[in-house]
1. I need every pair where a residue in region 631-654 that is over 17 Å from Val602 (Cα atoms) has its Cβ under 9 Å from the Cβ of a residue that is surrounded by 22 or more Cβ atoms within 10 Å (Cβ to Cβ) and among the acidic types (Asp, Glu), sequence separation at least 6 or different chains.
2. Answer yes or no as to whether Gly620 is assigned to a loop (DSSP other than H, G, I, E, B) and farther than 23 Å from His539 by Cα.
3. Among the residues of region 539-560, count how many are under 18 Å from Leu663 (Cβ atoms) and either modelled with pLDDT under 85 or not in a helix (DSSP H, G or I) (or both).
4. Within region 595-604, can one find any residue that is in a loop (DSSP other than H, G, I, E, B) and crowded, with 20+ Cβ neighbours inside 10 Å?
5. For the structure I just gave you, tell me whether Gly356 is in contact (Cβ under 8 Å) with a residue 24 or more places away in the chain and either assigned to a helix (DSSP H, G or I) or surrounded by 13 or more Cβ atoms within 10 Å (Cβ to Cβ) (or both).
6. Could you tell me how many of the residues in region 136-187 are on the phi > 0 side of the Ramachandran plot and charged (D, E, K, R)?
7. Quick check on region 598-612. Is at least one of its residues at positive phi and of a type in the set (Gly, Ala, Ser)?
8. Could you check how many residues of region 315-326 are surrounded by fewer than 12 Cβ atoms within 10 Å (Cβ to Cβ) and of a type outside the set (Lys, Arg)?
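The values are calculated or read from the model by the stated rules, or taken from the named source; none is laboratory data. Just so we're clear, the structure is a prediction, and the values are computed from it rather than from any experiment. Cβ coordinates were reconstructed from backbone atoms using ideal geometry, including for glycine residues, and neighbour counts include every protein chain displayed.
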Amino acid sequence: MKPSLRRVKAISRKSPPVHGNKQQRRKSSASRATSIMNLRLKILLTLIAVFSLYVVIDAAIQQLVVFPQFVSLEQREATQNLQRCHQAIERDIEHLDFFVHDCASWDDLHQFVVDPKRQLGAEEYVDSMFQDTNLNLLAVIDNEGKVVHRSFRKEGSSKSLDSSIFPTANWPLTHPLLKRGDASVAPKDAAIGGLLMTEYGPIQVAARPILRTGGLSPRHGTLIMGRFLDAKVVKSIADQISVAFTVKPLTGEERPAKNAAVSDSKQRDVPVSITEIDEERLAVESMLLDISGQPILRTHAMVYRNISQTGRVAMRYALGSLLVAAFVVLTILLVLLQNIVISPLTHLSDRASHIGETGDLSVRVNVRRSDEFGNLARHFNGMVDNLADTQSRLIELSRRAGMSDVATGVLHNVGNVMTNVNVLSSSMSNRLERSKLLGLKKSVDLLRAHEHQMNDFLVSDPRGQKLPNYICQVTDHLEIEHLEILEQLQSMSANLQHAGQILEAQQKLATGAQVIESVRPKKLISDAIGMLQASLDGHDVKVKVQCENLPEVRLDRGKVIQVLVNLIANAKDAIKDYDAKNREILIEVTLSDTQELCIEVVDHGCGISSENLEKIFSSGFTTKPLGHGHGLHYCANAARQMKGSLTVQSQGVGLGSSFILSLPNNSVSEAV
């Protein structure tokens, strides 16, 4: 079955290119040099990326960890400021309680409760106390809750105020200011104080039992004093603690349920709410509890965010200093890397690139250092020395190997020609040995013996009668034999001439000369077949040529004929032991659209195994018992020298093979 020519062409196109290796090496060397020259930029970008990442991480840590600490500290301080306001109010109540404690231990007050009729200048006493202490409430209640004395009025006013919280006649014993409390507490230590909400606003109150001087029992009533917690008092407290705050009574909706009240009456246990107004202010709110522990007042303080602003400024300075430090460190690192790493590495790279591009092994690296770069430079120079020495030896070995390869190819091609010459020579020798020339000589000798009686001999002698006809037959046979021997001599001459062309071609290649001829493909195939015609006829091998009337192409005729002679000879050897009907070689010649000449030599002989396909063109490889492995190796090299290709395809052992020689028009071979 005939292999596909197109498929073999595709395989040929996929084969790796042979030409342009020097340009590829130069490009790769230039690419490596460019990549190394960019090392400075890579290091710079890497350092910038590292420092940028460090700055970003540090800024994130400052923003997410450090700055929240400033905010937390600021909120704690704001909470403490509001708690200081509460504590200041508590201290104000405590001061009022101290004053009540002192007054409740006066004997005159004790006598006044025991005997109210004595009066003891009560009105003058009350007026004087209101004026001296800025009180708004003064009440004396006996043990049964009866009001002994009650004065409840605003500051600067003499009008008594009515109030359901502070009745004018009797107070219930369950009144928060009259509760006895724990019985285990001594009367002199019993104290009640706090805030109460009245119809006129919140009031600070304190109550103490009325005792004799020194706190001696019995208890004869309760002394109650109070002072409104108005704007004036709040401002006075705010000035004392340097915290601006306001107090506002809670509405009914704002007051929590009774079961949600804070059990501890101390204001510091009340939760604090903090709201950020802007970057400069915080709003802090909480509640004040009355004597029974119920929220009655909302306290509100406006705090300036000095701590967070200070933190922002500190963070900006820290970030700025970090950027400056990063720039300085980056500059120092770049300078150090430039002097320590980049400069010697660039020098080494330049030398290596120069060697790779020019092949000049006389270049050396001048890095005199005792570190790794110095060691690398010394080893690099030693390696270049070894390469130079190896190159010298390889050049000599290559020259010898080239001479050997050329000699082998010449001998192989000349051997193919001489094989056909020997066949022709042997054929002519056999013809001459069987020639009729000896019988003609005997006939001539017989005529010479009867030359004096020639007429009688030719007429009456039986031998003479047959002699003319015999001479005519011998003459015709010798004429035919002469023509055949002449053709064989011409073929032998052509073979010997081709052998001379082979030697001449090798001499021209050695001197760089090339011979490009314009030939017709059909004549090229005919000449190649003619070189082997005697050998083909000797093995009864037929050659079928499929060649259109193609135009002339320009190529190295002698080299192409050498390749074709080898391919046809191999095809003949592959089918010579098969039946006569299979002893046929097909040669198909086509011209592609790209003006590429394709010559396909197909046989149906022994074929090639798959494992041998990859090494069929290797030097020294052969499957013939008496082969040398030089023919196909020479053909592949010759095809590459002519900027073409030689490919092979076979379905396996016994299934024949196909060799395709593809050559560009006007191909110019490379000098070897």
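1. Pairs that qualify, where the first residue is over 17 Å from Val602 (Cα atoms) and the partner is surrounded by 22 or more Cβ atoms within 10 Å (Cβ to Cβ) and among the acidic types (Asp, Glu), are Ala638/Asp556; Gln641/Asp556; Met642/Asp556.
2. Judged against the criteria, Gly620 is a match.
3. Counting residues in region 539-560 that are under 18 Å from Leu663 (Cβ atoms) and either modelled with pLDDT under 85 or not in a helix (DSSP H, G or I) (or both) gives 14.
4. Yes; the residues of region 595-604 include at least one that is in a loop (DSSP other than H, G, I, E, B) and crowded, with 20+ Cβ neighbours inside 10 Å.
5. yes
6. 0
7. yes
8. 4
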